[in-house]
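Beneath this line is the structure, given in C-alpha cells, with notes to follow.
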Amino acid sequence: MINTPQTHGASVPRRAFLALLLAGSAFALAACALPINRQPVQQTYRLTGAETHSAPLPQPVVLQLLPVRAAAGLQSPAMLYSRSPDTLDAYRDNRWLAPPAQLIGDAIAHTLSRQPWVSAVQQQTAVASAPWALHCTLYRLEHDLRDGQGTAHLDLTCELTNRRSRQIAAHWRFDGSQPLAVNDATHFALGAQTVLRQALDGIVRHTRAAVEAAQASNPAH
C-alpha cells in the first residue's frame with residue numbers, strides 16, 4: 001500500500017499569510033480614519049493708514065518720510081505681549097504682515113499723502129531733496145497684560161525737519177493705549193489699529209502746524 005503525502009501542512013502557512021494580509025489591510029483602513037495632527041494655521045494682521053482730514057494751505061509741500069526706526073525687539077513681524085515689566089513674549093500662531101515699523105511707515109505715508117496741503121510723500125531715494133523731512137521711531141507696540149485689563153500700547157516719537165532753515169521744526173511723542181475687550185491676537189490687532197489712528201492724527205496735526213507757521217513767516221516759500 002502506497003501512502004499518499006498529506007497536504008494539510010502546506011496550507012497552514014498560506015492561511016496564516018492571508019490572515020496577516022487581511023489584518024494589515026484592516027489596520028491601514030483604521031489608520032486612514034485616525035485624526036491627523038496638523039500645524040495651527042498662521043494668522044496674519046496688518047496696520048493701515050487713517051482717513052484723517054485737514055484744511056488746505058496756500059502752498060502744498062513735498063514731504064520726505066524717512067524709514068521708521070524700530071527699537072530692540074521690534075525688527076521682526078512678531079506680535080508681542082507682556083505680562084510683567086521685565087518680560088516680552090511673542091504670539092506663537094499670529095504675526096504682523098511685516099515688521100511693525102514698516103507697517104507704521106506705510107500708514108504714515110498713506111495718511112499724509114491724502115492731505116490737501118501735501119503734494120507728494122517721498123519714501124524712497126528722492127530725485128530732489130524735499131524741503132521737509134519726517135523721521136519717526138517706534139519704541140513700543142505690544143499687548144500689555146500687566147494690569148489685569150489688557151491694552152494695546154503704542155509708543156512712537158517723531159521729528160520734523162525744515163531743510164531750508166536747517167532746523168527741527170517740531171518734535172513730539174505719542175504714548176497711548178487702547179483697552180481690549182478680549183485678550184487675544186485679533187483684539188490686539190484691532191486695538192493697535194485704533195491707537196495708531198490716534199498717533200496718525202497727531203502726526204498730521206503737528207506736521208501741518210509746523211508747515212503753516214513756516215509759510216506764514218516766509219510767504220515767498
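Rule-based calculations on the coordinates, nothing more; no lab input. None of the values given here were measured: they were computed from a predicted structure. Counting neighbours? That spans all protein chains shown, and the Cβs are built from the backbone with ideal geometry, glycine included.
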Exercise for review: Return the total of residues in the stretch 148-200 being of a type in the set (A, V, I, L, M), closer than 17 Å to residue 131 by Cα and touching a residue at least 40 places away in the same chain (Cβ under 8 Å).
Suggested key: 3
Check your understanding: Is there any pair with a first residue in the stretch 71-84 that is loosely packed, with under 13 Cβ neighbours inside 10 Å and a second that is part of a strand (DSSP E or B) and not hydrophobic (A, V, I, L, M, F, W, C) whose Cβ atoms are under 8 Å apart and which are 6 or more apart or on different chains, and what are they?
Key -> 83/89
Review point. Which residues, counting only those in the stretch 85-105, are hydroxyl-bearing (Ser, Thr, Tyr) and exposed (fewer than 14 other Cβ atoms within 10 Å of the Cβ)?
Key: 87
Point to revise | Scope the stretch 95-117; condition farther than 16 Å from residue 197 by Cα and among the basic types (Lys, Arg); matching residues | key: 95
Exercise for review: Kindly provide the set of residues from the stretch 135-187 that are out of contact with any Ser or Thr (no Cβ under 6 Å at 6 or more places or on another chain), of a type in the set (A, V, I, L, M) and farther than 20 Å from residue 198 by Cβ, ordered by number.
Suggested key: 145, 169, 182, 185
Review point. Restricting attention to the stretch 134-147, does a residue exist that is touching a residue at least 40 places away in the same chain (Cβ under 8 Å), surrounded by fewer than 20 Cβ atoms within 10 Å (Cβ to Cβ), closer than 20 Å to residue 52 by Cα and of a type outside the set (A, V, I, L, M, F, W, C)?
Key: yes
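Regarding the stretch 103-110, can at least one residue be identified that is in contact with a Lys or Arg (Cβ under 7 Å, 6 or more places away or on another chain), among the aliphatic types (A, V, I, L, M) and more than 23 Å from residue 55 (Cα to Cα)?
Yes, the stretch 103-110 has at least one match.
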